[in-house]
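So the structure is just underneath, and the comments pick up after that.
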Amino acid sequence: MIKMKTNLIKFILLPGLLLLSLTEGRAQQEAMFTQYMFNGLVLNPAYAGSHESLSATLLFRDQWTGLPQAPSTQTFSIHSPVKNAKIALGLQFIHDKLAIFEQYGVNGSYAYRIFTAKGTLSLGLQFGFTSYQAKLSDLIPQDPSDPVFQGNVRKTMPNFGAGVYYYTDRFYIGLSAPQLVTNSLSNDIVEIDADARQERHYFLTAGHVFNLSHNVKLKPNVLIKAVEGAPIQMDLNANVLFSDVLWLGLSWRSLSDIDALIELQLTDQLLLGYSYDFAS
């Protein structure tokens, strides 16, 4: 992992694809991020403080722009080590919307870091809340008298997660489960499916930086995602950094997409990024 400069504030703006399904916990429920390698806090609470400075990231994702009820997600995260301490703290906000389903979430992260001669081992915990709603009344059912469609589902659900993250100047690897509580998504008023619930998600990430020349660096990354009841998914990525200013990258997501990425270091404290996913 490349160390960021002191007092770095990093903003990444990235439209892309959001994959979200809430049917019986048999698909990915967490938001997908094409540029996960530039914002690890959304996947792993142990990532907090890894830049050794204050770092903030803003992300936007949109699919099928211009179409009604199209999927979209927005996140803001900020994290920093605590001065003269081995701990780091982080905070993230997320908003997901897909048709009648909408979620707002806030999570706080705590990381305890163990410094070694070659790198840093970070152990992280996360705790937060998600406000979930399904606007069933917006649907037009074949049978308007069906009681299932007479009301809306609204729930506020607590959750917690954990992760471990090891990093050096050139390498990182992390394992996390940011959502460990399997909250039910039904309620006492409207019950679509008694088995509808949040499922546990597991993420394994790794990456390494190689010097190809004085001004060119190669950084391959991998993300393996697993959710109970769904196929394991893998993201393979390779980014090339030119003169510490321009990142160009390509990614392949199993069962899904090919992605193009670009990042531009506008100043020492500002990074702007964009990605586009080509659905297969």
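What residue among N215, G174, L271 has its Cα farthest toward the positive end of the dipole of segment 36-279, where the charges are +1 on Lys, Arg and -1 on Asp, Glu, each on the Cβ?
About the Cα centre, the residue reaching furthest to the positive side is N215.
Which whole-Hz ³J(HN,Hα) couplings does segment 249-255 yield from phi under the Karplus relation 6.51 cos²θ - 1.76 cosθ + 1.60, θ = phi - 60°, glycine and proline marked x?
x, 10, 9, 10, 10, 4, 6
How high is the FRET efficiency between L236 and K83 when r is their beta carbon distance and R₀ equals 41 Å, given to the nearest 0.05?
In this case the efficiency is close to 0.65.
Taking θ = phi - 60°, what integer Hz values does the Karplus form 6.51 cos²θ - 1.76 cosθ + 1.60 yield along segment 228-245, in sequence order, with x for Gly and Pro?
So the Karplus estimates, Gly and Pro as x, are 4, x, 9, x, 5, 10, 10, 10, 10, 9, 9, 10, 10, 9, 10, 6, 6, 10 Hz.
How would you rank M37, M157, M234, going from fewest to most other Cβ atoms within 10 Å of each one's own Cβ?
M234, M157, M37
Amide H of L54: which non-local residues (sequence gap of 5 or more, or other chain) have their own amide H closer than 5 Å, using H built in the peptide plane?
Here the answer is N7, L8, since their amide H atoms fall under 5 Å of that of L54.
Work out from phi, with θ = phi - 60° and the Karplus expression 6.51 cos²θ - 1.76 cosθ + 1.60, the ³J(HN,Hα) of each residue of segment 43-54, listed in order in whole Hz, and give x for Gly and Pro.
Result, ordered by residue: 10, 9, x, 6, 5, 4, x, 5, 7, 6, 7, 5 Hz.
Where does each of 226-233, 46-53, 252-259 land if you order them by average Cβ count within 10 Å, highest first?
In descending order of packing, they fall as 46-53, 252-259, 226-233.
Every number in this text was worked out from the coordinates using simple rules, so none of it is lab data. The shown structure was predicted, so the numbers you read here are calculated from the model rather than taken from an experiment. Because the Cβ atoms are built from the backbone with ideal geometry, glycine has one as well, and the counts that use them run over all protein chains shown.
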